[in-house]
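Visitor: Just dropping this structure here.
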Amino acid sequence: MTNVAIFGAGRIGKIHASNVARQPGVSLKYVVDVFPAAATELASQHGAKTTDTETAIGDPSVSAVVIASSTDTHADLILRAAAAGKAIFCEKPVDLDVERSRKCAEAVSKAGAACMIGFNRRFDPTFAALKARLDAGEIGTPEMLIITSRDPQAPPVAYIKASGGIFRDMLIHDLDIFRWILGDEADSLHATGSCLTDPAVAEAGDIDCTAVTIRTRRGLLCQINTSRRAVYGYDQRFEVLGSKGMLQVGNVRPTEVVAYTDKAVSTDVLEPFFLQRYRAAYAAEMAHFFVVLESGRSVLTSITDGVRALELADAATRSWREQKIIKLSP
């Protein structure tokens, strides 16, 4: 039996706890949260105990930790878990600071710990199917990737102030998708943005709409457009143009029922937000984590991937603020 401690009993902690509990041969032993009531509620749902960080990490019967707490706790928990010889699943980002993230990656490597970062979109069934067909050569050599990523509404301003900005908070997923789909690294990046949906976002020092252009080392191109407001739902699409055609993935709806009447042809609106849209991806990534621990294979989304995505988010932030193209180091 693999005993697990989870840190964080908020909305993403609840998703991960449920998926941990579904894994064969895995037991959720501890729930740790700064809010005792939240920890108690989640623990009671899965037959776990509440405890503190020291006890959870110090318990030799715990072989894996799931870090779903606030971003400012990630790096410290990664370092402590790696030093204690635990396998680590951590939500993105590793940290808001690139240098600290690199130090975490170094510590994980030195400890020989398995460490997976929660870039769940790689595990979305449709996204993964596109990647497999792309790698099989269905559209020849990929040349251009276009990503559309739009939230239904902005998070509270208090969250935005502590988030590290839209590039680190929201686009970090899209920047990981860019690296994964094209299988290449950025050579140069240009980002611009505006605050078009809520003046309070600008007052918090951030933007709510962005456009990012990336040129890779092989000369491939990627364009990412994002917005914090899409009144029609959670909009997640991308397409890859290749030398022999194009592959495209669209949005997911609650059902695929199509209504035909004399007035219109209609479908369901899009899923409301990421918890619904990526439900299957969250389940698949957690299953992957424990399969990897059992088999000894490498994780699909490593801490190095977490560092690389954060480096791109930092570059995008600099590009927007300084209004210039950023050249990325090899």
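Visitor: Please report, for the Cα atoms of the stretch 183-245, the Rg to one decimal and the Dmax as a whole number; what are they, in angstrom?
Guide: 14.8, 47
Visitor: Okay, next question. Can you tell me the length gained on complete extension of the stretch ASN225 to ILE146, counting 0.36 nm per residue apart and subtracting the Cα distance?
Guide: Once the chain is fully extended between ASN225 and ILE146, it gains 27.6 nm.
Visitor: Against the globular-protein guess of 2.2 N^0.38 Å, express the Cα radius of gyration of the stretch 52-190 as a ratio, rounded to two decimals.
Guide: 1.22
Visitor: Quick one: accessible area per residue over the stretch 1-83, 1.4 Å probe, rounded to a whole number of Å²?
Guide: Spelled out: the 1.4 Å probe surface of the stretch 1-83, per residue, equals 45 Å².
Visitor: Still on this model: Across bins of 10 angstrom width beginning at 0, how are the C-alpha pair distances of the stretch 152-220 distributed, in whole percent?
Guide: Taking every Cα pair in the stretch 152-220, the percentages come to 19, 45, 25, 11, 0.
Visitor: So if I place +1 on the C-beta of Lys and Arg and -1 on the C-beta of Asp and Glu, and nothing else carries charge, what would the dipole magnitude of the chain be about its Cα centre? I want it in debye, nearest 20.
Guide: Using only the charged Cβ atoms, the result is roughly 440 debye.
Visitor: For Cα pairs less than 8 Å apart in space and 6+ apart in sequence, what is the mean separation divided by the residue count of the chain, i.e. the relative contact order in percent?
Guide: RCO, the chain: 19 percent.
Visitor: What are the semi-axes of the equivalent ellipsoid for the stretch 257-309, taken as the square roots of 5 times the Cα gyration tensor eigenvalues, largest first, in whole Å?
Guide: 39, 14, 8
Visitor: Restricting to bridges with both residues inside the chain, how much of the DSSP beta-bridge set is antiparallel, in percent to the nearest 5?
Guide: Of all bridge pairs located within the chain, approximately 55 percent are antiparallel.
Visitor: Quick check: with the 1.4 Å probe, what order do ASP314, ASP76 take by accessible area, largest first?
Guide: Most to least solvent-accessible, the answer reads ASP76, ASP314.
Visitor: Probe of 1.4 angstrom, ligands and nucleic acids ignored: what's the accessible area per residue over the stretch 237-313, in square angstrom?
Guide: 54 Å²
Visitor: How about the stretch 200-276: which trypsin sites (Lys or Arg not before Pro) there lie in a loop by DSSP and see at most 15 other Cβ atoms within 10 Å?
Guide: Loop-located and lightly packed - ARG217, ARG218, ARG229, LYS244, LYS263.
Visitor: Right, something else. Starting from the Cα of LYS161, draw a straight line to each of the lysines and keep only those under 23 Å, dropping any in the same chain fewer than 8 residues away.
Guide: Reachable lysines: LYS92.
Visitor: Separate question: In whole percent, and with a 1.4 Å probe on the protein chains, what portion of the accessible area of the stretch 99-235 is carbon and sulfur?
Guide: The C+S portion of the solvent-accessible surface of the stretch 99-235 is 51 percent.
Visitor: Using the alpha carbons of the chain, what is the convex hull volume per residue in cubic angstrom, as a whole number?
Guide: That works out to 156 Å³ per residue.
Visitor: Any chance you could give the angle, 0 to 90 degrees and rounded to 10, that helix 36-46 forms with the longest Cα principal axis of the chain?
Guide: 90 degrees
Visitor: For ALA158 and SER329 in the same chain, what is the full-extension length gain: residue separation times 0.36 nm, less their Cα-Cα distance, in nm?
Guide: Length gained between ALA158 and SER329: 58.2 nm.
Visitor: Then there's this: Find out how many positive minus negative residues lie around VAL62, taking Lys and Arg as positive, Asp and Glu as negative, among other residues whose Cβ is under 14 Å from that of VAL62.
Guide: +1
Visitor: Could I ask something else about it? What 222 nm value per residue comes from the helices of the chain, counting each DSSP H run with n ≥ 4 as -39,500 (n - 2.57) and dividing by all residues, nearest 500 deg cm²/dmol?
Guide: Value at 222 nm, helices only: -12000 deg cm²/dmol.
Visitor: What residues have an amide H closer than 5 Å to that of THR2, excluding those fewer than 5 places away on the same chain, when H is modeled at 1.01 Å from N in the peptide plane?
Guide: Here VAL26, SER27 satisfy the definition.
Visitor: What is the stretch 62-105 by shape, rounded, prolate or oblate, if you read a ≥ b ≥ c off the alpha carbon gyration tensor as root eigenvalues and call it rounded for a/c under 1.5, prolate for a/b larger than b/c, and oblate otherwise?
Guide: Oblate, because a/c is 1.5 or more while a/b does not exceed b/c.
Visitor: Can you tell me the accessible area per residue over the stretch 113-184, all protein chains present, probe 1.4 angstrom, in square angstrom?
Guide: Roughly 34 Å² per residue, with all protein chains present.
Visitor: At most 15 other C-beta atoms within 10 Å and a DSSP loop state: those are the exposed chymotrypsin sites (Phe, Trp or Tyr not before Pro) I care about. Give me the longest piece of the chain that has none.
Guide: Answer from the scan: 1-231.
Visitor: Sticking with this one: Report the Rg/Rh value for the stretch 1-58, based on alpha-carbon coordinates and the Kirkwood definition of Rh.
Guide: 0.93
The values are calculated or read from the model by the stated rules, or taken from the named source; none is laboratory data. Worth saying up front: this structure is predicted, and the values here are computed from it rather than measured. Cβ: placed from backbone, ideal geometry, glycine included. Neighbour counts: every protein chain shown. Quick note on the areas: whole protein, heavy atoms, side chains included, nothing else; ligands and nucleic acids left out. Shrake-Rupley method; radii C 1.70, N 1.55, O 1.52, S 1.80 Å.
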